[in-house]
Amino acid sequence: MKPEKIAPGLITVLEHYQQQGEKGLNLHLCSLGLINDPKTSKPTLASVFIRCQADANLNHLSEYGVKAKQSTGKIRTAIVPLEKIGRLSEESAIAPITPSRYLKPLLDVAKTSYWFV
């Protein structure tokens, strides 16, 4: 694992997961893009942003369970098993790996604001 390629928030998630197992993820499930269903035996997944060269071929990462959502571009979204993030960081084509975050869109703010009247 190359920790310099992994965002600090994701490093914290990995440490909690290694120390406490799935119980250690509870703190992060509401804020980061983690996919965990304790009722199934599926591995915990992380939705991450991968920075790489725009024309980099990442198809070979599927053998590690990594599902890249785009085939081109400098920043790509991917679903990665949590245990494989260390392996992903060792890829020479990949620069920083950052976790996605849940957003709370505030598109209805204009309804409650009367300053424009």
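The values are calculated or read from the model by the stated rules, or taken from the named source; none is laboratory data. The structure displayed is predicted, hence computed values, not measured ones. Neighbour counts are summed over all protein chains in view; Cβ atoms, including those assigned to glycine, are modelled from backbone coordinates with ideal geometry.
Observations
- Residue match in the range 63-83 (condition: surrounded by 14 or more Cβ atoms within 10 Å (Cβ to Cβ), hydrophobic (A, V, I, L, M, F, W, C) and touching a residue at least 60 places away in the same chain (Cβ under 8 Å)): yes
- Some residue of the range 86-97 being surrounded by 12 or more Cβ atoms within 10 Å (Cβ to Cβ), modelled with pLDDT of 80 or more, charged (D, E, K, R) and assigned to a loop (DSSP other than H, G, I, E, B): yes
- Cβ-Cβ contacts under 9 Å between residues 6 or more apart (or on different chains), taken from a first residue in the range 1-24 that is free of Cβ contacts under 8 Å to residues at least 24 places away in the same chain to a second residue that is of a type in the set (A, V, I, L, M) and part of a helix (DSSP H, G or I), are listed as His16/Leu25; Gly24/Val13.
- Condition check for Pro43: under 21 Å from Met1 (Cα atoms), in a strand (DSSP E or B) and either within 16 Å of the chain's Cα centre (by Cα) or in contact (Cβ under 8 Å) with a residue 60 or more places away in the chain (or both): no
- In the range 100-112, the count of residues that are touching a Phe, Trp or Tyr at 6+ places or on another chain (Cβ under 8 Å), at pLDDT 75 or above and part of a loop (DSSP other than H, G, I, E, B) is one or more.
- Within the range 9-67, the residues that satisfy the criterion of being closer than 23 Å to Ala95 by Cβ and among the acidic types (Asp, Glu) are Glu15, Asp55, Glu63.
- Residues being of a type in the set (Lys, Arg) and either touching a Lys or Arg at 6+ places or on another chain (Cβ under 7 Å) or within 16 Å of Arg51 (Cα to Cα) (or both) - total across the range 1-26: 2
- Total residues in the range 15-44, condition in contact with an Asp or Glu (Cβ under 9 Å, 6 or more places away or on another chain) and either within 20 Å of Gly65 (Cα to Cα) or among the acidic types (Asp, Glu) (or both): 5
- Pick from the range 5-32, criterion touching a strand residue (DSSP E or B) at 6+ places or on another chain (Cβ under 9 Å) and assigned to a helix (DSSP H, G or I), ranking: modelled with the lowest pLDDT: Leu25
- Residue pairs whose Cβ atoms lie under 6 Å apart, sitting 6 or more positions apart in sequence or on different chains, and linking a residue in the range 49-61 that is in contact (Cβ under 8 Å) with a residue 40 or more places away in the chain to a partner that is in a loop (DSSP other than H, G, I, E, B), are Cys52/Ala93.
- Here Lys2 does not qualify as out of contact with any Leu (no Cβ under 8 Å at 6 or more places or on another chain) and modelled with pLDDT of 90 or more.
- One residue stands out in the range 46-77 among those that are assigned to a loop (DSSP other than H, G, I, E, B) and charged (D, E, K, R): the one that is nearest to Leu14 (Cα to Cα), namely Lys69.
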